[in-house]
Amino acid sequence: MSRLAWAWPAVFILLLAACTAPRAPTKVPDIRVAAIDPESIGINQQVFLLRLSLVNPNDVPLRVAAARLRLDLEDLSAGTGELVDGFSLPAGEQGTATVRIETDLVSQAPQFLSWLMSGDATLDYRVTGYVDMIGLGLGRVPVDDRGIVPLRPGPRSSKRDDTVAL
């Protein structure tokens, strides 16, 4: 019986050591704008589909809970959009999320009309905001990305040179 009495504390100490063993450092996921495609462009409303590319460099899955993003076109605030349906991002893998951004650029009517009338209808964009991640204590991960978006719907997209086509 005395041998068994010494075994339980040893097992407890081993379990405690295993639970407190150092982990690999948590890495922040790489979040970039993969594309911004105009879905519809009209005088009263403009709709853009913003695709995010998310890469999980960690060895455990992460949960993408939500996102809130703001789209600026040529330094003018165009609109905001939210991702409300979360999804799981497997360990070491890439995923995508699409955020629909509805805008009303009529408030900037002179600038918007000049964009529509221009022959080369591409605009500089900036996307800012955050993605809420669950897992590894990451919480709210900031997003700040820039590129070029076509103003006319069609086969062109705003794919960046340094991102993988999805």
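Coordinate-derived values only; no laboratory data. Note that this is a predicted model, so its numbers are computed, not measured. All Cβ positions, even for glycine, are placed from backbone atoms using ideal geometry, and neighbour counts span all protein chains on display.
Structure values in brief
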quantity	calculated
Relative contact order (percent, whole number), segment 27-150, Cα cutoff 8 Å, 6+ residue spacing	29
Amide H contacts of residue 67 (H built 1.01 Å from N, under 5 Å, at least 5 apart or other chain)	83, 132
Simple Cβ-charge dipole of segment 27-150, Lys/Arg +1 and Asp/Glu -1, about Cα centre, in debye nearest 20	320
Cβ-Cβ FRET estimate between residue 85 and residue 59, R0 fixed at 35 Å, reported to 0.05	0.85
Under 13 Å, Cβ to Cβ, from residue 44 - net charge with Lys/Arg +1 and Asp/Glu -1	-2
For segment 27-150, with +1 on Lys and Arg beta carbons and -1 on Asp and Glu, the positive-most of 67, 138, 148 along the dipole	138
